[in-house]
Amino acid sequence: MEKINILYIEGDGIGPYIMQAAMKVWNSAIDYVFNGKKKIIWKEIYAGKKALEKFGELLPQETLDLLKEYKIGIKGPLETPVGSGYRSLNVALRQKLDLYACIRPVKYIKGIEAPVKNPENVDIIIFRENTEDVYAGIEWEEDSKESNILIDFLNKNLGVNLNKASIGIKPISEYKTKRLMRKTIKYAIENNRKKITIVHKGNIMKYTEGNFRKWCYEVAKELKDKNIEVDDIIADNMFQQLLLNPKNFDILITPNLNGDYLSDAAAAQIGGIGIVPGANIGDEIALFEPTHGTAPGIKNPEMANPTSLILSGVMMFEYMGFKEVAYLIRNSIEKTILEGYATIDIAKNKGLSAKEYAEKIIENF
Ligand code: NAI
């Protein structure tokens, strides 16, 4: 029997509940496809609340070292406090491991109650830059020593006229934009996609988002495959077009913040973020995770939807070359939902718990 080593982070909030359900599905699918000849050996690594309890820190070095060694992992959502407290562990993982491409496929699953008339017209892949932009975490509070120094410098040396304010810095570089565009093009070719749309706010932020657009086009010129069209759209219009003409879009490439907003908006169009998966991929390491967060609003975490996490696992199996496993799980999820079995956020009737829903998916293999 061949052993497949995979690292996992359980996550905070609903994380442990959806992880348990998802693991049942992943393990059973590997068993089903390989007839017991392969088995996943899950190795838990720690981040968030569980890491704090166990090691006294939120993101232990060991977690980063193991991800660098194993090169593949899957994680549940991690909590980030608003306004004060520690900075996002998700952002820290992406930056420290240089997981520069956040890939989120948004495709309708038949049977889900979606809020728009034709959700089946949505079939897009979002490529979001994952390490730069206002997410770089370079910001200072109003009237702090640092923001006052910076404002003073800007006023004296760069001809601006700023009063006291909180300050955030938005770096967007040629190198990091171009490597993302190259990855996006490679994906388009390998997955037979026909169009890449650059989403930006370059009319207002000319040298950050405007150059994001320019650098993407520069890479597009290197594109040999003339069947792939590249165009661009201003971000605010993108939100409108996504609702009005979703069929016009195939792959979207975006800076960090636009991509974050857009992936939730696109997910809502097909039924919500409980079903849309994600991957954070660099040149060497890949960390898969659901689009959603810890869902503190869900009173009974056993009823949370594990689909986004299960499908993130499907992306992971595809990445590892286990196409049959990915195909089996995806089909079975579709069949299960079409039969009317799902969690309450997307179910037409009574919602199942994450565990019951996972069992139905396995029954449907
Ligand atoms: P959220 O994604 O946790 O929840 C937003 C809405 O979607 C809520 O109504 C929630 O009930 C629903 N929802 C989310 N996941 C669901 C699921 N699996 N099944 C059914 N419904 C689901 O976003 P929110 O409330 O803004 O953030 C909560 C916490 O999660 C924050 O600390 C935030 O920083 C963190 N977060 C972490 C992410 C990550 O780990 N990658 C991503 C987004 C947020």
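The values are calculated or read from the model by the stated rules, or taken from the named source; none is laboratory data. Note that this is a predicted model, so its numbers are computed, not measured. Neighbour counts are summed over all protein chains in view; Cβ atoms, including those assigned to glycine, are modelled from backbone coordinates with ideal geometry. Side chains included, ligands, DNA and RNA excluded: accessible areas come from the protein's heavy atoms. Shrake-Rupley method; radii C 1.70, N 1.55, O 1.52, S 1.80 Å.
Hand me the list of helices (runs of 4 or more DSSP H) wholly inside the stretch 232-328 holding 3 or more residues that are open to solvent by less than 10 Å² (accessible area, probe 1.4 Å) and of a type in the set (Val, Ile, Thr).
Numbers: elements: 235-244, 256-269, 307-320.
Of the helices (runs of 4 or more DSSP H) lying wholly inside the stretch 232-328, those with at least 3 residues that are open to solvent by less than 10 Å² (accessible area, probe 1.4 Å) and of a type in the set (Val, Ile, Thr) span 307-320.
For the stretch 58-98, the tally of residues that are under 20 Å from the mean Cα position of the chain (by Cα), acidic (Asp, Glu) and either away from the ligand (no atom under 16 Å from the Cβ) or under 12 Å from Ile9 (Cα atoms) (or both) stands at 1.
Suppose the filter is within 10 Å of the ligand (Cβ to nearest atom), part of a helix (DSSP H, G or I) and in contact (Cβ under 8 Å) with a residue 40 or more places away in the chain; does Ala358 pass it? I'd like the intermediate steps shown before the answer.
Values: within 10 Å of the ligand (Cβ to nearest atom): no; part of a helix (DSSP H, G or I): yes; in contact (Cβ under 8 Å) with a residue 40 or more places away in the chain: yes.
Considered against the rule, which asks whether it is within 10 Å of the ligand (Cβ to nearest atom), part of a helix (DSSP H, G or I) and in contact (Cβ under 8 Å) with a residue 40 or more places away in the chain, Ala358 comes out as no.
Is it the case that some residue within the stretch 23-46 is within 11 Å of the ligand (Cβ to nearest atom) and over 18 Å from Ile281 (Cβ atoms)?
no
When residues in the stretch 158-211 are screened for being part of a loop (DSSP other than H, G, I, E, B) and either in contact with a Cys (Cβ under 7 Å, 6 or more places away or on another chain) or within 17 Å of Asp98 (Cα to Cα) (or both), 3 of them pass. Kindly indicate whether Ile346 is within 14 Å of the ligand (Cβ to nearest atom), within 14 Å of the chain's Cα centre (by Cα) and at pLDDT below 95. When the stated conditions are applied, Ile346 does not pass them.
Restricting attention to the stretch 204-231 and to residues that are among the basic types (Lys, Arg) and surrounded by fewer than 13 Cβ atoms within 10 Å (Cβ to Cβ), the residue that is farthest from Asn191 (Cα to Cα) turns out to be Lys206.
Looking at Glu289, Glu302, Glu324 in this structure, which one is within 9 Å of the ligand (Cβ to nearest atom), at pLDDT 95 or above and of a type in the set (D, E, K, R)? Before you say what the answer is, go through the steps one by one.
Details: Glu302 fails: within 9 Å of the ligand (Cβ to nearest atom); Glu324 fails: within 9 Å of the ligand (Cβ to nearest atom).
Just one listed residue meets the conditions, Glu289.
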